[in-house]
Every structure is written in C-alpha cells, then in structure tokens.
Amino acid sequence: MRIVIAEDQVLLREGLRMLFVDGGHEVVATLGDADGLLEAIATYQPDLVVADIRMPPTHTDEGARAAQAVKSAYPKLGVLLLSQHIETQHVVDLVSRGGFGYLLKDRVLDVAEFLAAAERVAAGGSALDPQVVAGLVARHDPLGTLTDRERGVLELMAEGLTNNGIAKRLYLSERTVEAHVRHLFTKLSLPESEDGHRRVLAVLAHLGAATPDRGR
C-alpha cells in the first residue's frame, strides 16, 4: 500500500510510519494536521489515508471532517481514522461509503491485526473497533427482534468481518453463521439484493439505530 498519515503527535506519527514500513508498505507523506490532506492525496495518490480524529487547531473533529472531504473527493480511497476516545458523530455517514475504518489507538499495539484492518480498508472494506461498536449499541438498542447471537453476528459484521471471520471469532460453523445472517436480514426487512450490499445496509441499520441524535 501507499499511505499518507495525518497525526499531530510526532512520536505516534513516526511510530505509525515505521510500523507500515516494517510491514512492507510505503508511507509517501506524513502530516501534522489535516489541512494538507487533499493536496497530499492529489500529489502522491495513496491507497490509504490514516488520520487522527482530533488534530489542530481545535483538537475536536478535524480529522473526521477531513475524512468526509477526502471520501467526497476520492470515494474509492481507503480512510482509517484513529482516536483515543469513542466518538460517533461522523461514523454512520463515513461507513456508508465503504473503504472506511475507525479504530482506537491502542489497537495499534496488536500490529498484525492493525495491519490487516488497514489493508482491508484500503481494499474497500471496513474496520470498526469493537469498543466503538459496543459504545454505539450501549447508547441505544431498539433492535429487539434480534437474538443475542444475531446481535453478536451483526456487531462483528460492523467490524468488517466476513462470514468465515465471524465463524472463527464465535467458534461456529460458517453454515451456522450464514443462517444467522439470513435471519437478521429478514428481521431487519432488508430487500433481496447483492449480499455485500445487504451487509452494508444491515450495518447502517445497526449504527443508525444506535445514534438517535444523528442529523441534529
């Protein structure tokens, strides 16, 4: 992968750069804020942008807003946001575009898993931190028709796992997971369509239900 990193903490920025380089990837640019992201993308044409959510000047949501601008200008470009805290204001809109990930910074410590998530996002997939998903569910969970197992499968779908990945995580057969997925599609009244699209719709239903203040 060709990667652009936007992170205002110098040590973390350099640590991410070294992590990706050691993983066999090329970091083509590093930035201390979000202002130059679009210019860097136009110049270096990366496969993935990794950005902190909180960056100068206000250290609130500069990275998330920059991510929205990047996905609007380059819909197929993978964007991976990092944060020390769970923030969900922009997540639902961004995940609906594909090629998006949101991980807490301590996930970087598991290098293999972090690199796999980054590669998945660069390839057009998704990667949502389990704590982010759990935080959304804890706020509001109206999906009362789903069983605990179906809800667990949906949460892992939101993390970006395939049926095979979910089966391994839950120690189930892939056929059993496929059955759970079919049931939750039915319970969420998702129309028959290409399976990947239905999975995105299911995740959006999950996240949208978990953020009742969306759009305010």
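The values are calculated or read from the model by the stated rules, or taken from the named source; none is laboratory data. Worth saying up front: this structure is predicted, and the values here are computed from it rather than measured. For neighbour counting, all protein chains shown are included, and Cβ atoms are generated from backbone atoms with ideal geometry for every residue, glycine included. Please note that ligands, DNA and RNA were not included when accessible areas were found on the heavy atoms of the full protein model with its side chains. Shrake-Rupley method; radii C 1.70, N 1.55, O 1.52, S 1.80 Å.
Overview of values
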quantity	calculated
Selected residue (criterion: farthest from residue 103 (Cα to Cα)) from residues of segment 60-74 that are touching a residue at least 24 places away in the same chain (Cβ under 8 Å) and out of contact with any Leu (no Cβ under 7 Å at 6 or more places or on another chain)	74
Filter result for residue 178 (open to solvent by 40 Å² or more (accessible area, probe 1.4 Å), in contact with a helix residue (DSSP H, G or I) (Cβ under 8 Å, 6 or more places away or on another chain) and closer than 24 Å to residue 103 by Cα)	no
Count - residues of segment 1-11 that are touching a helix residue (DSSP H, G or I) at 6+ places or on another chain (Cβ under 7 Å) and open to solvent by 10 Å² or more (accessible area, probe 1.4 Å)	2
Residue within segment 17-34 that is within 16 Å of the chain's Cα centre (by Cα) and surrounded by fewer than 22 Cβ atoms within 10 Å (Cβ to Cβ) present	no
Residue 30 being among the hydroxyl-bearing types (Ser, Thr, Tyr), assigned to a strand (DSSP E or B) and farther than 18 Å from residue 126 by Cα	yes
Residue that is nearest to residue 72 (Cα to Cα) [pool: residues in segment 35-51 that are of a type in the set (A, V, I, L, M, F, W, C) and either surrounded by fewer than 17 Cβ atoms within 10 Å (Cβ to Cβ) or within 20 Å of the chain's Cα centre (by Cα) (or both)]	38
Output for segment 146-169, where each listed residue is more than 17 Å from residue 203 (Cβ to Cβ) and either of a type in the set (A, V, I, L, M) or outside any helix (DSSP H, G or I) (or both)	147, 167
Members of segment 30-48 that are under 9 Å from residue 2 (Cα atoms) and touching a strand residue (DSSP E or B) at 6+ places or on another chain (Cβ under 6 Å)	44, 46, 47, 48
Residue list for segment 148-175, filter: open to solvent by less than 80 Å² (accessible area, probe 1.4 Å), within 20 Å of residue 132 (Cβ to Cβ), touching a residue at least 12 places away in the same chain (Cβ under 8 Å) and not β-branched (Val, Ile, Thr)	150, 151, 152, 154, 155, 156, 157, 158, 159, 160, 170
